[in-house]
1. Treating only the Cβ atoms of Lys and Arg (+1) and Asp and Glu (-1) as charged, compute the dipole magnitude of the stretch 52-122 about its Cα centre; round to the nearest 20 debye.
2. Quote the accessible area belonging to ILE30 in square angstrom, nearest 10, computed with a 1.4 Å probe and with ligands, DNA and RNA left uncounted.
3. Express the carbon and sulfur contribution to the solvent-accessible surface of the stretch 25-80 as a percent, rounded to the nearest whole number, probe 1.4 angstrom.
4. Could you tell me which of rounded, prolate or oblate describes the stretch 55-129, using a ≥ b ≥ c as the square roots of the eigenvalues of the alpha-carbon gyration tensor, with rounded for a/c under 1.5 and, failing that, prolate when a/b is larger than b/c and oblate otherwise?
Amino acid sequence: MKPKTVGRSDGELAVIPPVDCGGLCADSIILTLNGEICVGDLRPGMRVITRDRGAVPLTRIEMRRVTCRAVRILAGSLGHTRPERDVVLPAGQSILVRDWRAKALFGADQALVPVSRLVDGEFVTLEPAREIVTCDLGFDGAHVLYVDGLELATGPQTVAAHRTA
């Protein structure tokens, strides 16, 4: 008698786990040469302040409506006034961590990881899938941007922990 099991005959999973998307929420506040503005109000040619290269020109912006899991970060949870207000991010959005969390969680001085890796269930919480308007920003390469008091990455989203110097 064979045991009853759930799965496929080829040994693969019967249900594929969801892939978390990234992107900046359209209502997030980003730091530009013209001051803080809403991400959804950005236009190609505007210069955005980056951690790694100073002010860089935005080459493209793509807005899309996606349904994905989200992570809520309460104001001040990641340091003094970081973030400045409660923030909701797509669970796959990469964030630069460069405080005690980087050393404790990832064994490095700083780490670029999906925000879902920071979920603690109290101050950083995972929310069920929901519809979010995201903006994918295009630059001359990948950069770390200042968004809502956080350091968020653009470019190809990091799925696994990526350690930096």
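The values are calculated or read from the model by the stated rules, or taken from the named source; none is laboratory data. Bear in mind that the values here come from a model prediction, so they are computed numbers and not experimental data. All Cβ positions, glycine included, derive from the backbone under ideal geometry; neighbour counts span all protein chains shown. Ligands, DNA and RNA are stripped out before the accessible areas are found, and what is left, the full protein with its side chains, is counted by its heavy atoms. Shrake-Rupley method; radii C 1.70, N 1.55, O 1.52, S 1.80 Å.
1. I would put it at about 240 debye.
2. Counting only protein heavy atoms, ILE30 exposes about 0 Å² to solvent.
3. Carbon and sulfur together cover 49 percent of it.
4. oblate
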